[in-house]
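The block underneath contains the structure these notes are about, expressed in C-alpha cells.
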Amino acid sequence: MESNSLLAESADALHRDYGCRSARRRDPTGRTYAVTCASGSVSGKADEELYIQRAVVLIEDAIQYRSINHRVDASSLRLYRWYYSRICQWGLGLTIAVVLFLAFVERPSSLSVTSDPRYRSPAWEPPCGFTESFEIVCLFIFTLDLAVKSYLIGWDEFRKNKWLISYTIVISISIIDWVLSISMVCDEKLRVRRLIRPFFLLQNSSLMKKTLKCIKRTLPEIASVILLLALHLCLFTMIGMLLFPKTEDPLKNEEWKVYFRNLPTSLTSLLVLLTTANNPDVMIPAYSQNRAYAIFFVPFSVIGTYCLMNLMTAIIYNQFRGYLLTVLVLNSEKSTAERDNHYMEIINLCFIIYYLFEMCVKIFALSWKGYLSYRNNIFDGFLTILLLVLQIPIYVIYRLPYVHVNPSSKEIFSLWEMVRFVNMLIVFRFLRIIPDIKLMALVASTLLDLVKNLRAFAGILVVVYYVFAVFGIWLFEGAIKPPAHMSVPYNTSMENITSNFSTDCGTYEQLGYWPNNFDDFAAAIILLYDVMIINNWQAFMDAYTRYTTEWSKIYFVCWWFTSSVMWVNLFVALILENFTYKWDRSHSCSVTDVERIRYETSVQLIFKEQVKEPTEEELLCQLQQHPHLHLHWGHT
C-alpha cells in the first residue's frame, strides 16, 4: 500500500511539473527557471497517460536500483515494463539457475552416492549433447535478454555500459566454447564457459552489481589492517625460525621438524595458528621442553587473533553498518521396540483435540475473515489441520488401542515414525509463542530481516563459491588417491576392512577426510565450506601440498581470506548492526511494536558515509542529461 501510494503521489507530482508544455519552478537558491517538454506537441489524454507512465517507470527504477537511461516512448515503455514483469524476471532467474546447475551434472559428474574415492561407484556421465542442449537454450535466452536490454537503452548508452559489453563478451565466449565442445564430442579438457557462468547471476541483479561495486570501494579501507596483519605474521615467522632451529639433540628438533622447517612451513604454521585451528598443537613440542616458549606463542595469538582480526571485523562493521532463530528428543537411548508409543500417541491426541477446539472457538468468535486476518492464526490453523490429517491414517492403519502393535513394524510407515513426525509438528507449533516474548521476538525478527537483507551478499558469495570450485576442479581433480589396498567396491562396509596403511595423527588420511576432495563440483563445494568453517582446515592444505605442490597453499589461503576473513566477518557485522538497531528501538516498544519494526535497508544506507544524497539540482541535471527524455530547460 505504501509503495503504491508513493508511486501515485510521485507520478502526480512529476505530471504536474513536466506533463504540460511548460512550467515554472524555483530552485533552492531562489532562481526561477522554465521547464519545457519537447517530447511531443500533441496534447490530450494520450499524452497525459504517457507522462504518468514515464513517471511511474522512473520511480520504479529508483526503487529497484535500475538505471533511468532507457527509451521512454510509449512502445518502449510497454516493452520495458513487460521485460521487468514478474513472469519475465522469474523466467530469466530460472534460466540462470539451470545454467549454474549444469556444473553438478557435467563431467566430472556429482551424480554418485558418495564422494569418497575409496568406495565411490562410477558416476553417471551424461551423453554428449545432453547438457549442451540445455545450455544452448539458456545461451539463446541470454542473447535475447541482451538484445532487449540493448534496444531499450540505445546504442550510445550501450557503448558506455561496461556490464552489457561484458555480457556480450561472456555470451560470445560461451557460444564459441560450446561449439568447440560439440566439435570435440565433449572430450575437451577444460570448459572455459564453466568459469564465467556466475557472471549471468551477477549481471541480472542491479542490487548485486551495486553491492559488488561498494565492496570494491571498501577494500582500500581495510588494506592498512591487512598490511599490518601481514607484517605481524612475517615478523613472528622470522622470530620463530630463529627460536626453533635444527639442533644436534634430536629430542629438541620436534618443533623445527613439524612446524618451522623452512619459510613456507613456518608461514603456514603461524597462519593456521592465527585462525586457532592448530592451537595448542603447534606450541606443544616447544612448550614441553621449556614453558618460556609460551612467551612467543601467546603474544602472537593475542595480537593477531584477538586484536588485528577483531579490528578487521570492526572495520568491516563500520563500513557496512546501516545495512540491514527447537528440537525435542524423547527416549533417545531406547530402541524402537522399547519406546512406549501408545501413551505418546494418546498425549498427541490430547494436543490435537485442544488445538482443534481452540481453532473452532477463534473462528466462532472472529469469523473466518477475522480469523484469517492474523498470521499467527493462519500458522496455528495450518498445523492443526495437518496434524489432524496425519492422525487419521494412524487410526486407520493401527487402530485403537494399539495394544498388539509392534512399534517398529512397518505398514507404510512404522507407528514410531508417524508418532515422531506428529511430535515434531507439535513442537514446531510452539514457535507461535515467539511474538509474545519481547526478546524472542527481537531475535527472530533480526534473523528474518537478515535473510531478506543478505540476498545481494549471498548472491555474490554463490559466485565466489562457484568460481573457486571450478578452479579447484581444474587444479586438483583426482590429485588425492587412496592406496590401492584401501579401495573397495561400492556398498561394501569399511568396518571390517583392515590394512597396514598408517599415517600421522591429525592428517587428512588419519582423519578420514577422503570424501572431501575436488573430484566433482558438489564435493568441491563441501570442501570449500569446510575450509570456511576453519576447523582443521590445515589438514586439507597439508594434504594437497603433499599430493601436488607447495603452490597449492596459495589457493587455500586465498579462499580462507575471501570466505572466512571477509564474508564471515561481514555476516557478523550485519547481525550486529541489525540487532543493535532493533535493541535500541525495543526499549521504548511493546512486544507488538517489536514485531512491526522493519529495518530500512538499501545500498545507499550500507555505505552512508561514502554516498551522499543528491541535491535537487543534481537530480534535475540527471534528468536533463537523459538520452531519451529530451527535456529542455530555460532559466528566466
Qualifying position, being modelled with pLDDT under 90 and open to solvent by less than 20 Å² (accessible area, probe 1.4 Å), among ASP156, ASP116: ASP116
Qualifying positions in segment 246-263 - open to solvent by less than 60 Å² (accessible area, probe 1.4 Å) and in a helix (DSSP H, G or I): GLU255, TRP256, TYR259
Some residue of segment 597-615 being open to solvent by less than 10 Å² (accessible area, probe 1.4 Å) and modelled with pLDDT of 80 or more: no
Failed criterion for THR237 (all others in (1) within 39 Å of the chain's Cα centre (by Cα); (2) polar (S, T, N, Q); (3) loosely packed, with under 14 Cβ neighbours inside 10 Å hold): (3)
Hits in segment 534-551 (condition: crowded, with 21+ Cβ neighbours inside 10 Å and among the hydroxyl-bearing types (Ser, Thr, Tyr)): TYR544
Qualifying residue in segment 184-195 (condition: at pLDDT below 90, more than 26 Å from THR562 (Cβ to Cβ) and in contact with a helix residue (DSSP H, G or I) (Cβ under 6 Å, 6 or more places away or on another chain)): yes
Among (1) open to solvent by 40 Å² or more (accessible area, probe 1.4 Å); (2) farther than 30 Å from ILE480 by Cα; (3) more than 22 Å from the chain's Cα centre (by Cα); (4) not β-branched (Val, Ile, Thr), the one test that LEU94 misses: (3)
Residue list for segment 196-227, restricted to those being part of a helix (DSSP H, G or I) and at pLDDT 85 or above: ILE196, PRO198, PHE199, PHE200, LEU201, LEU202, GLN203
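The values are calculated or read from the model by the stated rules, or taken from the named source; none is laboratory data. Please read all numbers here as calculations on a predicted model, not as lab measurements. Positions of Cβ are backbone-derived with ideal geometry, glycine not excepted, and every protein chain shown enters the neighbour counts. When the accessible area is computed, the model is the full protein with side chains, heavy atoms only, and any ligands, DNA or RNA have been set aside. Shrake-Rupley method; radii C 1.70, N 1.55, O 1.52, S 1.80 Å.
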